[in-house]
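Okay, structure first, notes after.
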Amino acid sequence: MKDAVQQIVSQAIDALITAEKIPAIELPPIKIERTRDASHGDLACNIALVLAKKVGMNPRDLATLICDNIQQTSANNTVIQSCDIAGPGFINMFLAQSAQTDIVKQVLEQAERFGQNASGVDANGKAKTVQVEFVSANPTGPLHVGHGRGAAVGDSICRLLDASGWDVTREFYYNDAGAQINNLTLSVKLRAQGLRPDDAGWPEDGYRGEYIADLANDYMSGKDINGVAAIADAENDGAIRDYAVAYLRNEQDLDLNAFRVNFDVFSLESSLYTEGKVEATVNTLIDNGFTYEKDNALWLKTTEFGDDKDRVMRKSDGDYTYFVPDVAYHHEKWQRGFNTVVNEQGADHHSTITRVRAGLQALNAGIPQGWPDYVLHQMVTVMRDGAEVKISKRAGSYVTLRDLIDQVGCDATRYFLVARRADSQLTFDIDLALQKSNDNPVFYIQYAHARVCSVMRQANEKSLSWDRQEGLDNLNLLKTDTELALLKSISAFPECVAFSARDFAPHNVAAYLRDVSAALHGWYASGNQDKSLQFLVEDSKIRNARLTLAEAARQVIENGLSLLGVSAPESM
């Protein structure tokens with residue numbers, strides 16, 4: 001709808017130029033916005049204010065000319081019913097009834113495809129490729145609630161990009177090398193030897209969760225995992241390390257499956273070393289003249305690429321700092337042909353962004369500045385009974401993703417973790433997530449979907465089955481304020497999908513679903529106050545028109561929930 005109105009406004013200005021009522025100018029992009037107040041129309045445009053100085057006119061006078069041309073062109077009447085001038089020169093437009101009801105036809109025709117767009121398709125009709133890396137947890141323990149937020153946000157971003165025509169690759173990067181893996185190995189080894197976390201010899205950096213005991217017991221019991229042997233040797237560091245990583249990767253896979261998250265590619269940090277990619281990256285940086293030796297360490301000149309100070313690449317003990325394999329990994333992504341890469345990570349990765357991008361620029365590999373894109377999520381605070389929940393019985397030191405799924409279900413967990421902007425801190429209220437009331441947003445949205453399904457069942461039971469064609473033929477009968485509000489809300493869905501995908505911001509979809517559900521519930525409630533406004537009235541034309549609108553709303557809610565990985569139940 002915005003595109004159609006944008007074209008009408010553009011044609012009106014072109015007509016004014018042709019008629020020499022305004023001088024010829026190059027038109028800037030015409031912005032069409034939805035109004036917040038229905039009394040101000042359905043859509044608004046500020047083009048008169050933008051062009052006034054260029055054409056040497058008062059903005060209101062120019063807006064009047066544009067409005068007059070729009071209303072005098074009969075072809076526009078099917079889209080714009082009327083328009084008026086507000087404030088210093090804003091053009092407010094009221095959409096024609098047919099333009100508003102046409103959206104219902106589109107929803108029913110496109111069904112699960114409604115809301116999709118082709119922004120991820122190139123000029124030749126081929127889907128552009130994008131790689132989204134998310135979760136990427138160290139294989140040192142169960143996934144915690146922070147990983148869950150990354151999983152919910154990352155997977156929803158992938159779904160939005162899919163809906164926008166992109167060819168999406170979902171990737172999980174395992175940090176299976178470094179000090180944390182060494183600490184994991186030692187912790188399992190000590191458990192296998194009978195030592196406990198509260199014993200005097202337990203290392204300060206050792207892992208203390210009960211899952212370490214379970215892991216050690218399985219290893220000593222000879223329970224192989226995914227082809228990795230449990231040789232039951234409490235002294236074999238290599239065997240313990242391999243088994244521990246395989247065991248915890250399997251545990252994380254089970255958590256992700258329970259969370260309805262799947263990946264196409266799993267990459268290992270260790271492979272970057274074994275395949276010589278880290279060493280090759282370092283050598284290229286040296287050859288390109290962006291490194292120097294100081295204090296027995298190798299430094300990267302990151303200040304030449306906007307960093308506040310240079311960074312150590314190789315420490316005096318010979319080990320590489322953590323961002324070096326990240327540079328090698330992202331160089332590999334570029335070599336795989338991903339011109340667009342999105343990294344969904346925790347806010348603690350903020351400091352690595354400049355370093356990774358600096359390293360990539362220093363490789364002189366043709367990688368553009370500002371590549372890759374990052375979405376960083378803030379921490380999650382879990383609350384229950386008014387108090388913060390900090391630990392899990394199994395993990396010991398944190399709340400696990402599985403804890404939340406087991407307590408409130410996958411749907412509520414996914415919705416709550418994605419409902420706020422990723423870069424804002426989030427409070428996960430377990431008590432609210434369990435409520436079956438309108439205060440619980442995921443219940444409120446799912447109930448809107450189930451409510452339409454219930455009405456359809458009631459219609460069948462009363463032999464008032466929905467006649468789709470009669471409903472489509474009589475959409476002009478939908479004229480109440482609540483019906484028009486729902487039509488307006490439904491029409492905003494494709495736009496919501498497009499800008500949510502563009503900005504990697506699935507929280508917008510969550511907010512949209514609350515709004516469209518509120519419009520549906522408000523429409524339904526109006527029938528409780530006035531029986532003539534109920535869905536299942538005697539007049540078949542009005543009844544089927546309302547059922548058609550209700551079905552369109554149900555489809556939009558289902559499509560929106562699918563983008564968040566949340567189910568759309570038919571009964572509750």
Looking only at the stretch 56-87, filter to residues that are part of a loop (DSSP other than H, G, I, E, B) and of a type in the set (Val, Ile, Thr); which one of those is modelled with the highest pLDDT?
VAL79
Name every residue in the stretch 92-123 that is among the β-branched types (Val, Ile, Thr) and modelled with pLDDT of 95 or more, in order of residue number.
VAL104, VAL107, VAL121
Identify the residue in the stretch 3-61 that is more than 17 Å from GLU495 (Cα to Cα) and touching a residue at least 60 places away in the same chain (Cβ under 8 Å) and, among all such residues, is surrounded by the most Cβ atoms within 10 Å (Cβ to Cβ).
VAL9
Scanning for something of a type in the set (D, E, K, R), crowded, with 24+ Cβ neighbours inside 10 Å and part of a helix (DSSP H, G or I), does the stretch 555-564 turn up at least one residue?
no
Would you confirm whether any residue within the stretch 542-553 is hydrophobic (A, V, I, L, M, F, W, C), more than 36 Å from the chain's Cα centre (by Cα) and over 22 Å from GLU495 (Cβ atoms)?
yes
Being modelled with pLDDT of 95 or more, part of a helix (DSSP H, G or I) and either basic (Lys, Arg) or under 15 Å from ASP155 (Cα atoms) (or both) is the filter here; which residues of the stretch 488-515 pass it?
VAL497, SER500, ALA501, ARG502, HIS507, ASN508, VAL509, ALA510, ARG514
Could you give every pair whose Cβ atoms fall below 6 Å, whose first residue belongs to the stretch 88-100 and is in a strand (DSSP E or B), and whose second residue is crowded, with 17+ Cβ neighbours inside 10 Å and of a type in the set (S, T, N, Q), counting only separations of at least 6 or pairs across chains?
PHE90/ASN46; PHE94/GLN81
Confirm whether LYS105 is of a type outside the set (A, V, I, L, M, F, W, C) and touching a Phe, Trp or Tyr at 6+ places or on another chain (Cβ under 8 Å).
no
List the pairs whose first member sits in the stretch 263-290 and is without any contact (Cβ under 8 Å) to a residue 12 or more places away in the chain and over 22 Å from GLU133 (Cα atoms), whose second member is surrounded by 13 or more Cβ atoms within 10 Å (Cβ to Cβ) and of a type in the set (D, E, K, R), and whose Cβ atoms are under 9 Å apart, counting only residues at least 6 apart or on separate chains?
GLY289/LYS301
Conditions first: (1) more than 29 Å from the chain's Cα centre (by Cα); (2) modelled with pLDDT of 95 or more; (3) charged (D, E, K, R). ASP423 passes all but one, so which condition is the exception?
(1)
Are any residues in the stretch 205-230 hydrophobic (A, V, I, L, M, F, W, C), outside any helix (DSSP H, G or I) and crowded, with 16+ Cβ neighbours inside 10 Å, and if so, which ones?
ILE225, VAL228, ALA230
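The values are calculated or read from the model by the stated rules, or taken from the named source; none is laboratory data. Quantities reported herein were computed from a predicted structural model and do not represent experimental measurements. No Cβ is skipped: glycine too gets one built from the backbone with ideal geometry, and neighbour counts run over all protein chains shown.
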